[in-house]
Amino acid sequence: SLAWALAGEWRIEPDRDTWRHPLQTLLFWGIEGNITVLEVLPGRGWYTAILAPYLAANDGRLICAGFDPRSPSLAQRETLAAWEARFQRDTELFGEIERTVLRSGAPLAPPNSVDLAILANNVHTLMAEGIAEAVFRAIAAALKPGGSLGIEQHRAASTGLQDPLAGSGYVQEAYVKALAQEAGLEFVAASDVNANPRDTRDHPFGVWTLPPTLRTAPLGRPDDPNFNTAPFVAIGESDRMTLKFRKSSNPAATAPGEPAELRP
């Protein structure tokens, strides 16, 4: 059951459930055990550690679309290596997770094969890489007619202009909805399960000033031992939108757009 997967000792940072509410979030998105799930940019695998054993135990299928191992970014390569070390050595527990890569011209999954796609706290990453529109189109192409996309994302204030590179890590909800709808997906519902009204979004080092990162200096600079993290610990993790979109059951009603091409 999903409760079994959530209680697993193999989980990564289960104490974060206080802020991320994985049971309520996954149920809101429509998780079931015997479906095909596409996890886009799984990072080090916080959600993979829940999804993989749950799906493996219920004859489901998990496809993870991650960073390109040839990426020039050391951080991206290290994140991928950590994910591989954790999830590719214990197939009895995690099953045979299929892997795809965010790479130019490469599909995230076979067309019309995915019941549920998940993009958790990484819309800003796609924006920073300049590939958000292409990835949303690729997700839409991978979804079955009637399939769903679930999104969790650090939520920016609704006023003001959206930074197209999302340098703070925060993204406006309207911007995320536009990305999905321009890819041909229909907005279904929003949940405040991961909302945090204490988050002012005004932090010196963006969302990474908050837990769990608690950054104390600009990216690339040494940590500042004199930086007071206590106010940010008191805020907790970021205010987040939790959204659900659906691919039309009528293929003719979904605007296909151009074929998804990802930047190398």
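The values are calculated or read from the model by the stated rules, or taken from the named source; none is laboratory data. These figures come from a predicted structure and were not determined experimentally. Glycine gets a Cβ as well: all are built from the backbone with ideal geometry, and neighbour counts include every protein chain shown.
Of everything in segment 8-40, what is part of a helix (DSSP H, G or I) and acidic (Asp, Glu)? Give them in sequence order.
Across segment 8-40, the qualifying residues are 15, 17.
Return a yes/no flag: does segment 38-52 have any residue that is over 22 Å from residue 126 (Cβ atoms), in the same structural domain as residue 143 (by TED's automatic domain parsing), surrounded by fewer than 19 Cβ atoms within 10 Å (Cβ to Cβ) and modelled with pLDDT of 95 or more.
No, that holds for no residue.
Going by the structure shown, is residue 195 under 19 Å from residue 15 (Cα atoms) and either in contact (Cβ under 8 Å) with a residue 60 or more places away in the chain or in contact with a strand residue (DSSP E or B) (Cβ under 9 Å, 6 or more places away or on another chain) (or both)?
Criteria met by residue 195.
Those residues that are under 22 Å from residue 149 (Cβ atoms), outside any loop (DSSP other than H, G, I, E, B) and hydrophobic (A, V, I, L, M, F, W, C), I need them from segment 48-86; list them, please.
49, 50, 51, 52, 55, 62, 63, 64, 65, 83
A quick yes/no check of all residues on (1) surrounded by fewer than 24 Cβ atoms within 10 Å (Cβ to Cβ); (2) over 11 Å from residue 124 (Cβ atoms); (3) of a type in the set (A, V, I, L, M, F, W, C):
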site	(1), (2), (3)
136	no, yes, yes
140	no, yes, yes
146	yes, yes, no
152	no, yes, no
163	yes, no, no
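Here is a check on your reading of the model: is residue 89 in the same structural domain as residue 152 (by TED's automatic domain parsing), outside any helix (DSSP H, G or I), more than 20 Å from residue 34 (Cβ to Cβ) and out of contact with any helix residue (DSSP H, G or I) (no Cβ under 8 Å at 6 or more places or on another chain)?
For residue 89, the condition - in the same structural domain as residue 152 (by TED's automatic domain parsing), outside any helix (DSSP H, G or I), more than 20 Å from residue 34 (Cβ to Cβ) and out of contact with any helix residue (DSSP H, G or I) (no Cβ under 8 Å at 6 or more places or on another chain) - is met.
Select from segment 121-163 the residues that are closer than 16 Å to residue 29 by Cβ and in a strand (DSSP E or B) and list them in ascending order.
Once the filter is applied, which keeps residues that are closer than 16 Å to residue 29 by Cβ and in a strand (DSSP E or B), segment 121-163 yields 143, 144, 146, 147, 148, 149, 150, 151, 152, 153.
Of the conditions (1) out of contact with any Pro (no Cβ under 8 Å at 6 or more places or on another chain); (2) farther than 25 Å from residue 210 by Cβ; (3) surrounded by 17 or more Cβ atoms within 10 Å (Cβ to Cβ), residue 106 satisfies every one except a single condition; which number is it?
(3)
Of 128, 75, 106, which residue is at pLDDT 95 or above and in the same structural domain as residue 174 (by TED's automatic domain parsing)?
Going through 128, 75, 106 in turn, just one is at pLDDT 95 or above and in the same structural domain as residue 174 (by TED's automatic domain parsing): 128.
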